[in-house]
Amino acid sequence: MSQITTQPNENGAEETSILPSDPSRRFWVTTACAVGGVAGVATAVPFVGSFAPSAKARAAGAPVEVDISTLAPGEMRTVEWRGNPIWILHRTEAQLAALKTNDTDLADPNSDRPGFTPEYAKNEFRSRRPEIFVCIGICTHLGCSPTPRLDAGAQPGVPSSWTGGFLCPCHGSTFDLAGRVFSNKPAPDNLEIPPYEFSADGTRVIIGVDEFNKA
């Protein structure tokens with residue numbers, strides 16, 4: 001039977017590998033265990049321990065680097081950081097313009113509530129760069145993951161005046177394309193913005209670090 005292994009790559013993302021079976025290896029491992037169980041355990045400890053640094057790094061939220069050079073306007077990419085989905089959306093000019101029309105219908109349009117928006121994202125776009133939006137894709141109500149409804153217009157679960165955003169399928173909370181929650185919805189806060197920064201050339205987003213959180 002083939003062996004499936006999952007290990008992090010150099011950017012922190014997990015990669016799955018399928019290794020072919022090795023009958024001779026299985027024979028010698030079985031023989032070694034039968035002859036000297038204690039020795040077998042002693043040998044296994046360093047082997048397992050070699051994975052510990054990467055596992056600890058993932059648990060601690062090691063930074064994840066994402067190439068956005070090919071992310072087209074209107075496209076969204078999802079990566080994992082600290083076990084959470086991170087959305088990276090390249091907003092179009094029309095989507096950016098539509099954000100301003102939602103202010104009167106939002107519970108916290110200026111992201112004044114503490115804890116979910118870093119200072120550098122306290123602007124009308126909730127981002128470092130207007131066109132690139134980065135957030136944690138977890139509803140602030142009970143932890144469900146909202147469904148992207150990026151297109152404007154009437155759709156199931158959203159009003160006809162919908163300008164694009166996200167719909168939580170669990171209890172109906174809605175968020176605009178800056179992750180701001182609409183009024184009179186179960187979710188109490190806007191979607192959370194994780195620490196992040198851009199590479200010097202602007203082609204990559206580094207999730208997990210900013211001026212307040214260093215790797």
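Laboratory data are not the source of any read-out in this text; all were calculated from the coordinates shown. Computed from a predicted model, the values in this text were never measured in an experiment. As a convention, Cβ positions derive from the backbone with ideal geometry for all residues, glycine included, and neighbour counts pool all protein chains shown.
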5 angstrom amide H check on residue 106, placed H, neighbours 5+ away: 183
Modelled FRET efficiency - R0 25 Å, residue 161 with residue 75, Cβ distances, 0.05 increments: 0.55
Set of aspartates and glutamates with alpha-carbon distance to residue 214 below 12 Å, sequence-local pairs under 8 removed: 197
Cross-link reach list, aspartates and glutamates versus residue 185, counting only Cα pairs under 13 Å and skipping chain neighbours closer than eight places: 105, 108, 176
Extension reserve of the residue 192-residue 94 stretch, reckoned as 0.36 nm per residue once the Cα distance is removed: 32.9 nm
Per residue Cα convex hull volume in Å³ - calculated over segment 164-215: 115 Å³
If the convex hull is drawn through the Cα atoms of segment 72-136, its volume per residue in Å³: 95 Å³
Calculated over segment 61-215: convex hull of Cα atoms, volume per residue (Å³): 103 Å³
